[in-house]
1. Starting from the amide H of A:Ile93, placed 1.01 Å from N in the peptide plane, find each other amide H under 5 Å away whose residue is 5 or more places distant or on another chain.
2. Taking N as the number of residues in segment B:99-139, what is its Cα Rg relative to 2.2 N^0.38 Å?
3. Across bins of 10 angstrom width beginning at 0, how are the C-alpha pair distances of segment B:157-227 distributed, in whole percent?
4. Could you give me the radius of gyration and the Dmax of segment A:165-293, taking only the C-alpha atoms into account and expressing both in angstrom?
5. How much mean residue ellipticity at 222 nm does the protein assembly as shown get from its helices, if each DSSP H run of length 4 or more adds -39500 (n - 2.57) and you divide by all residues, to the nearest 500 deg cm²/dmol?
6. What fraction, in whole percent, of alpha-carbon pairs in segment A:139-182 exceed 15 Å separation?
7. How much of the DSSP bridge set in chain A is antiparallel, in percent, rounded to the nearest 5?
8. Taking Rh as the Kirkwood radius, which is the inverse of the mean 1/r over Cα pairs, what is the Rg/Rh value for segment B:5-51?
Amino acid sequence: MKLESMRYIVPDAFHSLQRNGWMSFAAITTMAITLLLCGVFGILLINVNYAAGTLESDVEIAVFLEDTVTGEVLTQMETTLKGLPGVLEVNAITKDDAMSFMVERYGETLFTALGGVNPFPDCYSVKAETPEQIDGLASKIATLPGVLKVNYGKETVDKLFAFTDVVRSIGLWVMVLLAVGAVVLVGMTIRLTVYARRKEVQLMKYVGATDWFIRWPFIIEGALLGMFGAIIAVVVLIFSYGKVSDYIDSAIGFFPMAAMSGVLPMLALYLILGGALLGIVGSVFSLIRFLKV
Amino acid sequence: MIIQMVNVDRIYKKQNVTALKGINLAIDKGEFVFLTGASGAGKSTMIRLLFREELATSGQVIVAGRSLSRLSAKETVIFRRNVGMVFQDSRLLEDKTVEENVAFAMRVIERPKKEIDKKVPEILERVGLRDRMKHFPHQLSGGEKQRVAVARAIINDPIILFADEPTGNLDPDTSEELMELLREINDSGTTIIMATHDRNLVDTMQKRVLVLEKGRLISDRIGGWSL
């Protein structure tokens, strides 16, 4: 196949897309939905990994104390924590600190609404020397008398992963089904093109065109169907990612979102390549069945 | 010798039809050969075997020294580039102009654009359709369409030109004009094998005539219609 022949093949492929308008539309739409879902899952996974990375490198453990721990025992607790191996720093956040922080943020009404009772426990923020020590340190602290609960990044990460595992396995099957649908629709579109161009194909054979020369236009048409679908998916993703990211930022501020500029170019490239690949698979299936060269 | 058929049978097993039986013949380079006989005598089958659209059930079809049944896919492509074919229905692409239809034959075997741009007008001049270049097939007469088909068949300089009833849809005058064109092409060295049942044409041309009857070759001689 010479590059020069593309001058004819590519316009021919576009012409075919027009000729089989509705079929092309159906194939492109299915392709777009499939790839859009792939994109959404891609973004979700990228962000979970990003969040996991951020949370995991967090070296702080929040240690909540039981209400019974007061006075001397409280002071002793701080000493015990400071004495543990691997502890870099211990900061006390008392019930009163916590309350005034919340009041500052949400106003006096909160205090009144709670009936004048401070529900927050005393708390220590323990910083470890390295992220690797967090696990051991946290479980050790959890066994100390008077400790109500410990909270640290990795725990959150584990919960996050458990959640995404479920989403991922459901999503994978949905995507596989949609991808099969997209491939079938591309195949049907290509079949129409083969039928519309059967005279031309016959003539090509008569004058000695190679089999690959005959196949190429159909494969390119399939790839175009896939790429158009991908472009639609990418455009939708670009428009919605900024909005969703802003929303998540304001709704759950602690969840770190990866920046759009870092995520989308790579994802867009993968989606377009993926779309082209699915399209090619569809047309190849169709050619095997309907184009005897 | 450019074409040789040795003990060729062609049996359509599904339909249980013997289309050709025990064909032996030799054709030299530069010959003009008519293939005649009633409908269903095996003319088209013979053309299809020589064009390698079908393979012989038994026996050998040898063209330019190569047995057609032994050609690989790649060699078949090369073979097709060296032979031309004209059908009764001209088989032009309706959505392409005369010029594009002829260029098509060069384009799909990937000849350089420069060569195509040079050769297409030349060949259309030769078949007398230079002024019809930008017309579409539906704007042409039957005779003109066949001339375009001939132009397309010879643009890659084939050594053999096959024609299956090329005058079948034409009136006598137009047929004669087309024959004149084929004669010219033959005079320039191209071997021509033409299937026809037009008695007048065969008589006028006084060329070699093969007569088929029920799949057998019953006559092979130079001159007019000899049934």
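1. Here A:Cys123, A:Tyr124, A:Ser125 satisfy the definition.
2. Expressed relative to 2.2 N^0.38 Å, the Cα Rg reads 1.13.
3. Calculated P(r), rounded to whole percents: 18, 53, 27, 1.
4. When restricted to the Cα atoms of segment A:165-293, Rg and Dmax are 19.9, 69 Å.
5. -19000 deg cm²/dmol
6. For segment A:139-182, the share of Cα pairs beyond 15 Å comes to 63 percent.
7. 100 percent
8. So for segment B:5-51, dividing Rg by the Kirkwood Rh gives 0.99.
The values are calculated or read from the model by the stated rules, or taken from the named source; none is laboratory data. Remember, predicted model here, so these are calculated numbers, not experimental data. Here Cβ is always computed from backbone atoms with ideal geometry, including for glycine, and neighbour counts include all displayed protein chains. Quick note on the areas: whole protein, heavy atoms, side chains included, nothing else; ligands and nucleic acids left out. Shrake-Rupley method; radii C 1.70, N 1.55, O 1.52, S 1.80 Å.
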